[in-house]
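Just dropping this structure here.
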Amino acid sequence: MAAKPKPGKKLWSGRFAEPVSELVKRYTASVRFDRRLASHDIRASLAHARMLRAVRILTAADLKAIERGLSRISREIEERRFRWSLAAEDVHVNIERRLIALVGEAGKRLHTARSRNDQVATDLRLWLREAIDEIGGLLRKVQRGLLDQAEKHAATVMPGFTHLQVAQPVTFGHHLLAYFEMLERDRSRLADCRRRVNCLPLGAAALAGTSFPIDRARVARELGFETVSENSLDAVSDRDFAIEFCACAALAMIHLSRFSEELILWSNPRFGFVALPDRFCTGSSIMPQKKNPDVPELARGKTGRVAGDLVALLTVMKGQALAYNKDNQEDKEPLFDAADTLRDTLAVFAELIAGIEVNAAAMQAAAKEGFATATDFADYLVRKGLAFRDAHEAVARAVRFAEKSGMGLEDLPLEAMRRFSSQVEKDVYRVLTPEGSVASRSHLGGTAPVQVRAAIKRARKSLRAGPLA
């Protein structure tokens, strides 16, 4: 009769002459953070057990016992009664040991034809697939908020900037739609990433597959995987899917960070374009007048940690020979952190955007400053027959003159205008208003209110039928 392992001993301790030191136990244990995979580990174990029964490796009694035991473990975890053990290293061994304690020999048979190598790869993919679906829903919620605000302000004129200097008038609705497009690309990237996440590695075992007659397609169907991995070595060592997700998350956070920077600027009294809801701001312990935009500032700061998560994962993988290595234990915390940070930031922004108060009058006044319609003046001269470079030079001189005179282009008398080009007529003043400027850009992708409203209509349609819808 085979010797039974003593309770608390490592699953692999038979090979070693001395136990692992307490220091090494603490250093190598991952249960502190990988326990969040527990529900996915149980789900994958159930699918594996049912497959083992279907190919006659487990008896009906074994399967029934395993299902009963895993169901109880699931309840214990949900009710926070499960006793996690550092000595058991990780989520997988903790659950397996508890199962064996509950159902005996049947629990020992569950690990037939699998390894923790393909087990953890499966759990991670199940977890990440669920995380992507949740994040996709939050992205859509933020996008709907942007569209709702854009619809209210399709004709609200504001200055557009390049180099943070006044450039040309745009509408606030058009500006918000730029962020909708960024997040739409993020949603598309995540949907594409999800396809590669949704590949079953279970059955690869440690690295070379298994000699048992397993049915991987059955497991894939039960767990909702679209494909099954083609190479056992790649299946257990691949973390491309996690790296790819972190890259998507970092890009999405960068887009939210850019929006955060603008909210911080716009809410500054020197701009006064928007007011953020009080519940998203904080005050000062010493300066009574302060209303600080802490939420967008923190989102801007958290973007760095998600970019760092991506770099951490890339660095973990860069020097690994095939197949699985202990380095891969370091894949989980960056992955979890990237997903958590993006999810939480999106959830906050969905509420923040809905509560933004827009100061249309301040935007309108700012759009009249900084010679924002100078390009429209140059275009006007081109329509009168001048080459664009000559028109550009004429308007540049007009701007310099108006600046020295303390006037706007629209304030210059016609006689002064004609000093810079004899082509100028009375109709020039129509093109020098911010409203006229934005209305004139009535092409696909332009800032004219009619185009903004058409873009919003297309965007709402894409939210209903697009990726991760």
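The values are calculated or read from the model by the stated rules, or taken from the named source; none is laboratory data. For clarity, every value in this text was computed on a predicted model and none was experimentally measured. All Cβ positions, glycine included, derive from the backbone under ideal geometry; neighbour counts span all protein chains shown.
For segment 112-168, which positions are farther than 30 Å from residue 340 by Cβ and β-branched (Val, Ile, Thr)? Give the derivation first.
Let us first name the residues in segment 112-168 that are farther than 30 Å from residue 340 by Cβ, namely 112-113, 151-168.
112, 156, 157, 162, 166, listed by residue number.
Residues in segment 180-211 that are buried (at least 20 other Cβ atoms within 10 Å of the Cβ) and under 22 Å from residue 443 (Cα atoms): how many?
1
Does any residue in segment 412-426 that is in the same structural domain as residue 400 (by TED's automatic domain parsing) come within less than 6 Å, Cβ to Cβ, of a residue that is part of a loop (DSSP other than H, G, I, E, B) and of a type in the set (Val, Ile, Thr) six or more places away or on a different chain, and which pairs are these?
Cβ pairs passing all conditions: 417/424; 418/424.
Could you tell me whether any residue of segment 348-359 is surrounded by fewer than 16 Cβ atoms within 10 Å (Cβ to Cβ), of a type outside the set (Val, Ile, Thr), at pLDDT below 95 and assigned to a helix (DSSP H, G or I)? Let's see the steps before the verdict.
Initially, segment 348-359 is screened for residues surrounded by fewer than 16 Cβ atoms within 10 Å (Cβ to Cβ), giving 351, 354-355, 357.
Next cut, of a type outside the set (Val, Ile, Thr) only: 351, 354-355, 357.
Retained after the next criterion (residues that are at pLDDT below 95): none.
Looking through segment 348-359, none of the residues is surrounded by fewer than 16 Cβ atoms within 10 Å (Cβ to Cβ), of a type outside the set (Val, Ile, Thr), at pLDDT below 95 and assigned to a helix (DSSP H, G or I).
When segment 288-319 is examined, which residues are found to be part of a loop (DSSP other than H, G, I, E, B), surrounded by 14 or more Cβ atoms within 10 Å (Cβ to Cβ) and not charged (D, E, K, R)?
293
Residue under question is residue 126, and the condition is that it be buried (at least 21 other Cβ atoms within 10 Å of the Cβ), of a type outside the set (D, E, K, R) and in contact with a His (Cβ under 7 Å, 6 or more places away or on another chain); does it hold? Steps first, answer last, please.
Numbers: buried (at least 21 other Cβ atoms within 10 Å of the Cβ): yes; of a type outside the set (D, E, K, R): yes; in contact with a His (Cβ under 7 Å, 6 or more places away or on another chain): yes.
Criteria met by residue 126.
Kindly list the number of the only condition in (1) surrounded by fewer than 22 Cβ atoms within 10 Å (Cβ to Cβ); (2) farther than 22 Å from residue 357 by Cα that fails for residue 160.
Tallying (1) surrounded by fewer than 22 Cβ atoms within 10 Å (Cβ to Cβ); (2) farther than 22 Å from residue 357 by Cα, residue 160 fails exactly one: (2).
Quick check on my filter: what residues within segment 364-386 are in contact with a helix residue (DSSP H, G or I) (Cβ under 9 Å, 6 or more places away or on another chain) and either under 18 Å from residue 163 (Cα atoms) or not in a helix (DSSP H, G or I) (or both)?
Selection gives 367, 368, 371, 372, 373, 374, 375, 384, 386.
Please return the ranges of helices (runs of 4 or more DSSP H) entirely within segment 409-469 where 2 or more residues are of a type in the set (Lys, Arg) and surrounded by fewer than 18 Cβ atoms within 10 Å (Cβ to Cβ). Break it down into steps so the answer makes sense when it comes.
Numbers: elements: 414-417, 434-440, 449-465.
Qualifying helices (runs of 4 or more DSSP H): 449-465.
Among the residues of segment 208-215, are any out of contact with any helix residue (DSSP H, G or I) (no Cβ under 9 Å at 6 or more places or on another chain) and closer than 30 Å to residue 172 by Cβ?
Scanning segment 208-215, I find no residue that is out of contact with any helix residue (DSSP H, G or I) (no Cβ under 9 Å at 6 or more places or on another chain) and closer than 30 Å to residue 172 by Cβ, so the answer is no.
Residue-wise test of (1) modelled with pLDDT of 95 or more; (2) within 23 Å of residue 215 (Cβ to Cβ); (3) assigned by TED's automatic domain parsing to the domain that holds residue 333; (4) in a helix (DSSP H, G or I).
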{"residue": "24", "(1), (2), (3), (4)": "no, no, no, yes"}
{"residue": "27", "(1), (2), (3), (4)": "no, no, no, yes"}
{"residue": "47", "(1), (2), (3), (4)": "yes, yes, no, yes"}
{"residue": "57", "(1), (2), (3), (4)": "yes, yes, no, no"}
{"residue": "61", "(1), (2), (3), (4)": "yes, yes, no, yes"}
{"residue": "102", "(1), (2), (3), (4)": "yes, no, no, yes"}
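Helices (runs of 4 or more DSSP H) wholly in segment 185-284 with at least 3 residues that are modelled with pLDDT of 95 or more and of a type in the set (Gly, Ala, Ser) - which ones?
Values: elements: 216-223, 232-237, 240-267.
Those helices (runs of 4 or more DSSP H) span 232-237, 240-267.
Can you name the residue in segment 219-263 that is crowded, with 17+ Cβ neighbours inside 10 Å and polar (S, T, N, Q) and is also farthest from residue 136 (Cα to Cα) among such residues?
Only one residue tops the list, namely 232.
This table checks each residue for (1) of a type in the set (Phe, Trp, Tyr); (2) under 30 Å from residue 150 (Cβ atoms).
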| position | (1), (2) |
| --- | --- |
| 356 | no, yes |
| 369 | no, yes |
| 377 | yes, yes |
| 393 | no, no |
| 398 | no, no |
| 408 | no, yes |
| 417 | no, no |
| 427 | no, no |
